[in-house]
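Have a look at the structure below, then the notes.
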Amino acid sequence: MSAAPFVLPSNPKANYLAHREELDAAVRQVLDSGWYILGQEVSGFEAEFAAYLGVKHALGVGSGTEAIHLALRTLGIGPGDAVLTVSHTAVATVAAIELAGATPVLADIDPATFTMDVESLEAAIKAHGHRRLKAIVVVHLYGHPANMPAILEVAGRRGLFVIEDCAQAHGASIGATKTGGWGHVAAFSFYPTKNLGALGDGGAVVTNDPVLTEKARLLRQYGWRERYISELAGTNTRLDELQAAILRVKLRHLEAENARRRQLAAVYDAGLASTPLELPRCARTVTHVYHQYTVRSPRRDELAAYLKSKGIGTAVLYPQPVHLQPAYRDRLSLAPGGLAVTEGVCRQLLCLPMHPQLEDEQARRIAGEIVRWHASGADERQDG
Ligand SMILES: *Cc1c(COP(=O)(O)O)cnc(C)c1O
């Protein structure tokens, strides 16, 4: 058998190579311009990204973590306040809440979409007594939006702000409204492997509210409206001109690349339909952008090892929920009843290779290997 090259679970280099000429030209232009921080590339990207999302304002910042942090601070959330979120997420979501000085409270997730469970959210709010609760950070995980209509209803009734963590959901939508347009403020990450990825760090704060935009703009750079005069006690978290120029190129390809991810998901769906794996689900009115294609199996680790032996890389997002990781263990507040779904899925979810430069042929081969593994009975060894 001829050895096919190892298939990576994500591949930012392949994405760079697919757009190399445009990206090299954009980078060259910034280098030649002599202007490297907060210039026309950043403001151009901000306008284009806001228009793409269908929101009024976008503000480039240094990372997704900083975008969440800034969103919270912009809403006036800080020490003494509690913020609801989930434990099945990038640690960044919880870290950003603590960066703002607030206290995270964690709700469980829905087993169909792996996003915030509305009943668990309500239970957490009731148990906590809502005096100190200020906001909900909702995570749109793996490219599938959380149940925003239901979460906004709860938030409205309880007087809570809603911040969307859109780091895995650039271009996803519920009906006609894209993620980023649902909450009071939203945060995006442009880490290189995201659906819209820079070639370095980057993020954005997004909102329809001009007052919040202005406050976030000040906080982004030392609280300056006028240079060297701090009106607010801010920080430094700027998107740089190089990354903004790169993102302007990549934004032009985002819709096509999200469509490509959906085609690959359809190849996996068809190829894996006969297996006992639980495949990703997509709510009826949702446009999924498949940041990850995540399957669920009680034999997850064996399946990953088998695929690795066949030259196929996979990823586990996330092997441990935030509340069980050493830095957070035994000190975070959980929804009453605990986080049973969260703790269960962490042992069972596996992300198959998924990126826009993956080929149908590769996805078919991966699905074929998984079918063969199940057929060989390898998945039943521990069942009897
Ligand atoms: C990647 C990610 C972040 C953090 O973004 P950075 O740009 O790496 O700081 C936050 N939340 C989620 C859900 C993510 O996937």
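All of the numbers you see were taken from the coordinates with simple rules; none came from a lab. All values derive from a computational prediction rather than experimental measurement. Using ideal geometry, Cβ is built from the backbone for each residue, glycine included, and neighbour counts are taken over all protein chains shown.
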Over the range 254-381, the quotient of the Cα radius of gyration and 2.2 N^0.38 Å is 1.17
Cα-only Rg/Rh for the range 178-235 with Kirkwood Rh rounds to 1.06
Under Stokes-Einstein, the range 62-121 at 37 °C and 0.692 mPa s, with its Kirkwood radius over C-alpha pairs, diffuses with a coefficient in µm²/s of 277 µm²/s
Taking a crude spin-label model, label points 7 Å out from Cα along the C-beta direction, the TYR228 to ARG157 distance in nm is 5.5 nm
For LEU133, other-chain or 5+-apart residues with amide H closer than 5 Å (H placed, Pro excluded) are ALA82
Neighbour-count ranking for SER333, SER10 (other C-beta within 10 angstrom, fewest to most) reads SER333, SER10
At q = 0.22, 0.23, 0.24 1/Å the base-10 log of I(q)/I(0) from the Debye formula over the alpha-carbon atoms of the range 115-203 is -1.02, -1.08, -1.14
Flagged as over-length at 22 Å C-alpha distance, from LYS178/LYS250; LYS13/LYS194; LYS134/LYS215; LYS250/LYS310; LYS126/LYS178, the pairs are LYS250/LYS310; LYS126/LYS178
Placing each pseudo-label 7 Å from Cα in the direction of the beta carbon, GLU343 and ALA123 end up separated by a distance in nanometres of 1.2 nm
1/(1 + (r/R0)^6) with r = Cβ-Cβ of ARG281 and ARG132, R0 = 56 Å, i.e. FRET efficiency to nearest 0.05, evaluates to 0.95
One would report the antiparallel percent of DSSP beta bridges in the range 12-251, rounded to the nearest 5, as 50 percent
So the pair-distance distribution of the chain, from every Cα-Cα distance in 20 Å bins, comes to percents of 28, 56, 15, 0
For the range 7-49, the Cα gyration tensor yields equivalent-ellipsoid semi-axes (√(5λ), largest first, whole Å) of 25, 14, 9
Eigenvalues of the alpha-carbon gyration tensor of the range 22-88, times 5 and square-rooted, give semi-axes in Å, largest first, of 31, 14, 12
Simple spin-label estimate for ASP301/TYR36, 7 Å along Cα→Cβ, in nm, reads 4.6 nm
Expected unfolding gain across ALA47-GLU22 under the 0.36 nm per residue rule, minus the alpha-carbon gap, is 7.0 nm
